[in-house]
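Everything below concerns the one structure shown next.
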Amino acid sequence: MTMQPLNCETCGRGVLVEKFSAAHTSIQWTSDASECPMIRDAVQSVGDHRRGCSALRRSIDRAVERHELSESRIDLPTGPDLPRLH
């Protein structure tokens, strides 16, 4: 699966999203993330792991619930196909 486009339901900013599980979401901003009003107005420093947009997270969760955004499935190798580190 590849990243899928999604717009925030609150501000309309576009991102690319790949959802792997309820706890694992990859987001790529298609514009400057600081243009998001929630991020811009928050008093957070770069590198702060809490830095993000709760409205965008809700938009992603709703898109998954409505089956507009599907979760990616990764088939991991097993048995003899499993890469070995030497």
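Just one of (1) surrounded by fewer than 15 Cβ atoms within 10 Å (Cβ to Cβ); (2) modelled with pLDDT under 90; (3) not in a loop (DSSP other than H, G, I, E, B) fails for M38. It is (1).
Give the number of residues within the range 1-14 that are touching a strand residue (DSSP E or B) at 6+ places or on another chain (Cβ under 9 Å), outside any strand (DSSP E or B) and open to solvent by less than 90 Å² (accessible area, probe 1.4 Å). Give the steps one after another, and end with the answer.
Narrowing the range 1-14 to residues touching a strand residue (DSSP E or B) at 6+ places or on another chain (Cβ under 9 Å): 1-8, 13-14.
Next, only the ones that are outside any strand (DSSP E or B) stay: 1-3, 8, 13.
If we keep only those that are open to solvent by less than 90 Å² (accessible area, probe 1.4 Å) as well, we get 3, 8, 13.
Total satisfying the criteria: 3.
Checked against (1) open to solvent by 80 Å² or more (accessible area, probe 1.4 Å); (2) touching a strand residue (DSSP E or B) at 6+ places or on another chain (Cβ under 7 Å); (3) modelled with pLDDT of 80 or more; (4) not acidic (D, E), V17 passes all but condition (1). Selection of first residues in the range 5-27 that are in contact (Cβ under 8 Å) with a residue 60 or more places away in the chain and of second residues that are aliphatic (A, V, I, L, M) and buried (at least 16 other Cβ atoms within 10 Å of the Cβ), restricted to Cβ pairs under 7 Å at least 6 apart or on distinct chains, gives the following pairs, ordered by first then second residue: L6/V15; L6/V17; L6/I60; L6/A63; L6/L69. Just for the range 20-35: of the residues that are modelled with pLDDT under 90 and open to solvent by 70 Å² or more (accessible area, probe 1.4 Å), which one is farthest from the chain's Cα centre (by Cα)? Filtering the range 20-35 for residues that are modelled with pLDDT under 90 and open to solvent by 70 Å² or more (accessible area, probe 1.4 Å), the one farthest from the chain's Cα centre (by Cα) comes out as E35.
The values are calculated or read from the model by the stated rules, or taken from the named source; none is laboratory data. These numbers were taken from a predicted model, which means no experiment stands behind them. All Cβ positions, even for glycine, are placed from backbone atoms using ideal geometry, and neighbour counts span all protein chains on display. Accessible surface areas use protein heavy atoms only, side chains included; no ligands, DNA or RNA. Shrake-Rupley method; radii C 1.70, N 1.55, O 1.52, S 1.80 Å.
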